[in-house]
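See below for the structure under consideration.
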Amino acid sequence: MPTLTKPKEHNRERPVVFMENVSKIYPNGKTAVQNVSLEIEEGEFISFVGPSGCGKSTIFNMISGIIEHSVGKLEILGTTPTLARQQSTDVSFVFQEPTLLPWRSVLDNVMLPLEFRNVTKQEKLEKAHHVLKMVGLSEYTKALPRELSGGMKMRVSIARALVSKPKLLLMDEPFGALDEITRQNLQSELLRIWETEKMTVLFITHNVFEAVYLSTKIAVMTPSPGKVESVVEVPLPFPRNEDFRTSHQFSDIAAKVSQDLKF
Ligand SMILES: Nc1ncnc2c1ncn2[C@@H]1O[C@H](COP(=O)(O)OP(=O)(O)OP(=O)(O)O)[C@@H](O)[C@H]1O
Ligand SMILES: [Mg+2]
């Protein structure tokens, strides 16, 4: 069974995500995910690729505690997903649609996750300005969402997810609705942020090239029922410049992922 486990001699106490034979059976009897075992360590960037309906979002929803798993063992940062969600800001989510509040400014949207936290107004402002700078939107703090392009809205959404300094960032097809140039720019920005913030990122995409460019490892999923078919390593250093996208290594790994997808 494929896992993301490192060799045994590597002694870790608490993986960021620990899944052992996890299955999800929805109340209507549909087995969406079957027997998935993954161990994801701190600082990894793992992409999940697989055809529509193979259970990618289901896995993310279980990890984030939005839904419960049916069978197996699932721990996030050493605790249950529900407790991780309720008791800390360690886990953040970015969806395909930016889901911004239309009546709030960019700054106020980004401060939203800090609203009910024990943080002074001054700290909230500082944190929000900091993450907006990271995503290149310092000039747009007062703008309303309708005044922004699709790529800028996604940047706000990423800033909002980063403002609580999560240890684990889950991104469910965040760049799926963007044009290719905006998408590539945001990929580079995301990698730069990932490298400086040193968080763990789990990223869903249909795009094999996007997965290879971004990831340390790629979990390839197959449907009916949803399984992790293989874990493909991308053993190439960061920062990855634009030349990487046209290298032989890049196309070799993309070919391997595509082959596993057709399993
Ligand atoms: N609440 C639900 N009740 C019953 N079945 C569900 C529910 N949510 C999802 N499913 C089913 O579980 C399977 C996996 O769905 P999921 O949304 O996880 O797929 P996905 O890989 O994220 O697909 P996509 O790439 O289209 O987003 C699908 O067959 C779907 O119909
Ligand atoms: Mg999905």
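The values are calculated or read from the model by the stated rules, or taken from the named source; none is laboratory data. Just so you know, these numbers come straight off a predicted model, no measurement behind them. Glycine gets a Cβ as well: all are built from the backbone with ideal geometry, and neighbour counts include every protein chain shown.
Annotations for the structure displayed:
- The set of residues from the stretch 36-56 being more than 26 Å from Arg240 (Cα to Cα), within 10 Å of ligand 1 (Cβ to nearest atom) and surrounded by 20 or more Cβ atoms within 10 Å (Cβ to Cβ) comprises Cys54, Gly55.
- Count of the stretch 57-78 residues which are farther than 30 Å from Gln259 by Cβ, more than 15 Å from ligand 1 (Cβ to nearest atom) and not acidic (Asp, Glu): 5
- Of all residues in the stretch 132-152 being part of a helix (DSSP H, G or I) and basic (Lys, Arg), the one that is modelled with the lowest pLDDT: Lys133
- Residues that are closer than 11 Å to Val49 by Cβ and within 16 Å of ligand 1 (Cβ to nearest atom) within the stretch 174-221 comprise Phe203, Ile204, Thr205, His206, Asn207, Val208, Glu210, Ala211, Ile218, Ala219, Val220, Met221, listed in sequence order.
- Matching entry among Lys142, Lys127 (being under 28 Å from Pro81 (Cα atoms) and either more than 19 Å from the chain's Cα centre (by Cα) or in contact (Cβ under 8 Å) with a residue 60 or more places away in the chain (or both)): Lys127
- Among (1) at pLDDT 95 or above; (2) surrounded by fewer than 21 Cβ atoms within 10 Å (Cβ to Cβ) - the single one Leu169 does not satisfy: (2)
- Which listed residue, of Gln34, Gln96, Gln122, Gln86, is at pLDDT below 95 and outside any loop (DSSP other than H, G, I, E, B): Gln86
- Close pairs from the stretch 238-253: first in the same structural domain as Ala211 (by TED's automatic domain parsing), partner among the charged types (D, E, K, R) and part of a helix (DSSP H, G or I), Cβ under 9 Å, at least 6 apart: Phe238/Glu195; Pro239/Arg192; Pro239/Glu195
- Total residues in the stretch 99-113 satisfying the condition of being part of a loop (DSSP other than H, G, I, E, B), among the charged types (D, E, K, R) and closer than 17 Å to Val135 by Cα: the figure is 0.
- Of the criteria (1) at pLDDT below 95; (2) of a type in the set (Gly, Ala, Ser); (3) within 13 Å of ligand 2 (Cβ to nearest atom), which one Gly78 fails: (3)
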